[in-house]
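One structure below.
Values in this text are rule-based calculations from the coordinates and carry no lab data. For clarity, every value in this text was computed on a predicted model and none was experimentally measured. Cβ placement follows ideal geometry from the backbone for every residue including glycine, while neighbour counts extend to all protein chains displayed.
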Amino acid sequence: PNASCPTPMLGLSANRMQVIEHLDRMTIAEGGTHADVGMRWGLRALSPAWSSFFGSDAAAAYKGKTKKVAVLITDGRNEEASWVPGFWNCSNPYDPTCVGTPARSELNTMMLGWCQAMRETYGIDVYTIALNISDSEAIGYLRDCVAPNVSRAFSIDSANVGQALKAIFQETIRLKLTH
């Protein structure tokens, strides 16, 4: 499903300049939003054994003293990318009979499943930021993603991203000091 993504993922980096340069190269991707894919790759990126993440005991790699935090930032609701040929469950994505992507309801279910796994199986603190989204259903799913800690779901104008990230940072530091 990432065949049409314009910018490859940057793994975790402590190099501020590398992160800023990567952000500067990002462009808008036309089409549907698939937050489940973002959550899945976020989980992989946070794994200390990320190259062999899907082994038999992937959850064991998360155990330790380091608290992990994931922030899903999105500007849209999950949407079927009907303009993209196949790629979901297709052995040959260029086969003309291999069309479509999961419907919005299935994308929402997959996203919530990854949110729950991150929180419950892997012990990751999950936050969501809805940027310039007026769709109450989409905002509701982002709140469900962090449930029962709905204060970890932000619905903001893009001008307030810094404030939301600062609030998440302050909460994360508080969690670190109390654990």
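Highest mean first, how do 12-22, 128-138, 149-159 rank when packing is the count of other Cβ atoms within 10 Å averaged over residues?
Values: 12-22: 10.0, 128-138: 16.5, 149-159: 14.8.
Output ranking for 12-22, 128-138, 149-159: 128-138, 149-159, 12-22.
Skipping prolines and chain starts, which residues have an amide H placed within reach, meaning under 5 Å, of the one on GLU80, given they are 5 or more residues away or on another chain?
Under 5 Å from the amide H of GLU80: ARG104.
What nm distance separates the two modelled labels at SER158 and THR7, each placed 7 Å from Cα along Cα→Cβ?
The two pseudo-label positions are separated by 1.1 nm.
Count charges around LEU131 for me, please; just the other residues with Cβ under 13 Å from its Cβ, Lys/Arg as +1, Asp/Glu as -1. Don't skip to the end; give the middle numbers.
Details: positive: ARG77; negative: ASP75, ASP135, ASP157.
Value of the local net charge: -2.
Can you tell me how the range 120-179 classifies by the Cα gyration tensor, rounded, prolate or oblate, using a/c under 1.5 as the rounded cut?
oblate
In terms of modelled amide H atoms, which long-range or inter-chain residues lie less than 5 Å from the amide H of THR128?
Here LEU72, ALA153, PHE154 satisfy the definition.
Name the residues whose placed amide hydrogens come within less than 5 Å of the amide hydrogen of ILE133, ignoring near sequence neighbours (fewer than 5 apart) on the same chain.
Correct list: ILE156.
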